[in-house]
Amino acid sequence: HNAWATFIASDLNRKLPPGYFAEPNVQFGIEIDVATFEESQEFRGVGEPSGIASAVWTPPAPSLTIPFTLVTDIVEVAVYNTEAGPVLAGAIKLISPANKDRPENCESFVAKCAAYLQQGVGLVVVDVVTTRKKSLHGELLSRFDPALPRGDLADLYAAAYRPVERNQQTSLDIWHDGLAVGQPLPTMPLWLLGGLCLPVDLNSTYERTCLEQRLVESDK
């Protein structure tokens with residue numbers, strides 16, 4: 001996943017016009033710092049050198065504490081427009097096994113995808129995880145329209161999403177291709193914020209990943 005995201009970003013950077021760039025963002029096993037804040041004599045206010053006596057501000061206790069789940073694995077390629085920012089214009093997310101192993105992880109992944117789309121950011125999601133069967137594409141569709149018939153969704157797939165406004169009505173264009181082990185991967189459209197569309201060649205970048213990492217190509 002790490003290498004594949006890198007090669008996809010490299011391929012996109014050869015296609016992007018001036019003012020845009022793509023970069024991989026890969027983080028596995030994200031953890032919060034579990035160190036507990038405790039009031040002690042060693043605590044110093046912001047900018048206070050150790051050993052100098054001064055009044056310090058102590059934050060009040062929280063009003064509420066609730067269970068919360070982070071996205072534990074992030075494997076994505078982000079495309080930025082540098083003309084006004086940089087501003088996130090598009091994203092490609094490669095689903096990892098950890099994204100599908102528990103309901104709360106699935107929900108966190110889907111919530112992040114939904115947040116991208118609701119900001120007008122174009123999105124491509126790719127699922128080549130064969131060890132866990134769950135369609136996060138279906139979960140994403142249900143989030144926007146619970147009554148939408150999901151049909152018999154493939155466990156392995158590539159999906160592209162384009163938030164678009166037509167006739168003063170916002171819509172979500174969707175492309176969905178089921179994948180099969182041993183078969184070529186499709187080229188998916190990545191619609192960037194502002195209307196630019198790029199072809200995401202999943203097959204050539206995957207083959208390059210297998211070659212560079214000395215993986216067996218038929219394992220995809």
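The values are calculated or read from the model by the stated rules, or taken from the named source; none is laboratory data. None of these values were measured; they are calculated from a predicted model. Glycine gets a Cβ as well: all are built from the backbone with ideal geometry, and neighbour counts include every protein chain shown. SASA here: full protein model, heavy atoms, side chains in, ligands and nucleic acids out. Shrake-Rupley method; radii C 1.70, N 1.55, O 1.52, S 1.80 Å.
Let's see how each residue does on (1) modelled with pLDDT of 90 or more; (2) buried (at least 19 other Cβ atoms within 10 Å of the Cβ):
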| residue | (1), (2) |
| --- | --- |
| Ala53 | no, no |
| Val56 | no, no |
| Pro62 | no, no |
| Asp73 | no, yes |
| Leu94 | yes, yes |
| Pro97 | yes, no |
| Tyr116 | yes, yes |
Which condition number does Lys112 fail, the rest of (1) of a type in the set (Lys, Arg); (2) under 24 Å from Pro189 (Cα atoms); (3) outside any helix (DSSP H, G or I) being met? (3)
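Do you know which residues across segment 197-209 are closer than 14 Å to Val124 by Cβ and not in a strand (DSSP E or B)?
Leu202, Asn203, Thr205, Tyr206
When you go through Val129, Val124, Val164 one by one, which is the residue that is at pLDDT 85 or above and part of a loop (DSSP other than H, G, I, E, B)?
When all the criteria are applied, what remains is Val129.
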Looking at this structure, is Val77 at pLDDT 90 or above, among the β-branched types (Val, Ile, Thr) and buried (at least 23 other Cβ atoms within 10 Å of the Cβ)? yes
Would you check which residues across segment 132-161 are small (Gly, Ala, Ser), part of a loop (DSSP other than H, G, I, E, B) and either open to solvent by less than 80 Å² (accessible area, probe 1.4 Å) or under 20 Å from Leu94 (Cβ atoms) (or both) and list them? Ser135, Gly151, Ala154
Checking Glu165 against (1) under 28 Å from Ser204 (Cβ atoms); (2) open to solvent by 70 Å² or more (accessible area, probe 1.4 Å), the condition it does not meet: (1)
Out of all the residues in segment 168-217, which are without any contact (Cβ under 8 Å) to a residue 40 or more places away in the chain, over 16 Å from Ala91 (Cα atoms), open to solvent by 80 Å² or more (accessible area, probe 1.4 Å) and touching a Lys or Arg at 6+ places or on another chain (Cβ under 9 Å)? Gln183
